[in-house]
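Visitor: Have a look at this one.
The values are calculated or read from the model by the stated rules, or taken from the named source; none is laboratory data. These numbers come from a predicted model, not from an experiment. Every residue, glycine among them, receives a Cβ derived from its backbone with ideal geometry; neighbour counts consider all protein chains shown.
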Amino acid sequence: MKKRSYALADRIEQGALALEAFASSLTDQEWQIRVPGDGRKIGVVVHHVASMYPIEIQVAQTVAAGKPVEGVTWDVVDRINAEHADANDAITKQPTLELLRHNSAVAAAAVRALTDEELDRATRVSLNADATLTCQFLIEDHAVRHSYHHLARIRAALRQETRSLTAA
């Protein structure tokens, strides 16, 4: 049994479930609140996390295959994120949560298919200044961390909104 890949996949699913549980509790008004320092609406950010799982797994699979990740820079990521935000500004909760469930499940299944050897494989990753990184690191830093990162920012945005409303 591939314990490491299964544990990583479980962590992807746990993060997605945490984001889904929180996002499903939001009102329509809260769904529209913009995340400070980011500018995107909360709903757009949740959709962004759901939409990025396929890309995050593709990058990890590239490293698992021993191929360098080239041409992926933070400028490219920023452009993808901006285009996504523009295209999904009016996204609603139900299709977003369905996409989150689907894409996180597909991502977890792909990670479960990886061997320990593939998880340990390391190659250059342009997104990280051409540092030589392992497949497991990329999974942890992107597919696992991503939902938690944005969930924390969403919670902070809602706390800030609550403070603003009570101060007014």
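Visitor: Return yes or no: is A152 in contact (Cβ under 8 Å) with a residue 40 or more places away in the chain, part of a helix (DSSP H, G or I) and farther than 19 Å from Y6 by Cα?
Guide: No, not satisfied.
Quick grid of which residues meet (1) over 13 Å from I154 (Cα atoms); (2) of a type in the set (K, R):
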position: K2; (1), (2): yes, yes
position: D10; (1), (2): yes, no
position: G43; (1), (2): no, no
position: I55; (1), (2): yes, no
position: V77; (1), (2): yes, no
position: A110; (1), (2): yes, no
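Visitor: For E161, are the conditions met, namely being surrounded by fewer than 21 Cβ atoms within 10 Å (Cβ to Cβ), at pLDDT 95 or above and part of a helix (DSSP H, G or I)?
Guide: Values: surrounded by fewer than 21 Cβ atoms within 10 Å (Cβ to Cβ): yes; at pLDDT 95 or above: no; part of a helix (DSSP H, G or I): yes.
For E161, the condition - surrounded by fewer than 21 Cβ atoms within 10 Å (Cβ to Cβ), at pLDDT 95 or above and part of a helix (DSSP H, G or I) - is not met.
Visitor: Restricting to the stretch 105-149, count the residues that are of a type in the set (K, R) and either without any contact (Cβ under 8 Å) to a residue 24 or more places away in the chain or within 11 Å of A60 (Cβ to Cβ) (or both).
Guide: Result for the stretch 105-149: 1.
Visitor: Hey, D86 hits all of (1) surrounded by 12 or more Cβ atoms within 10 Å (Cβ to Cβ); (2) in a helix (DSSP H, G or I) but one; which does it fall short on?
Guide: Going through (1) surrounded by 12 or more Cβ atoms within 10 Å (Cβ to Cβ); (2) in a helix (DSSP H, G or I) one by one, D86 breaks only (1).
Visitor: Quick one: count up the residues across the stretch 142-167 that are in contact with a helix residue (DSSP H, G or I) (Cβ under 9 Å, 6 or more places away or on another chain) and within 17 Å of L19 (Cβ to Cβ).
Guide: Step one: filter the stretch 142-167 for residues in contact with a helix residue (DSSP H, G or I) (Cβ under 9 Å, 6 or more places away or on another chain), giving 142-151, 153-155, 157-158, 161.
If we keep only those that are within 17 Å of L19 (Cβ to Cβ) as well, we get 142-151, 153-155, 157-158.
Number of matching residues: 15.
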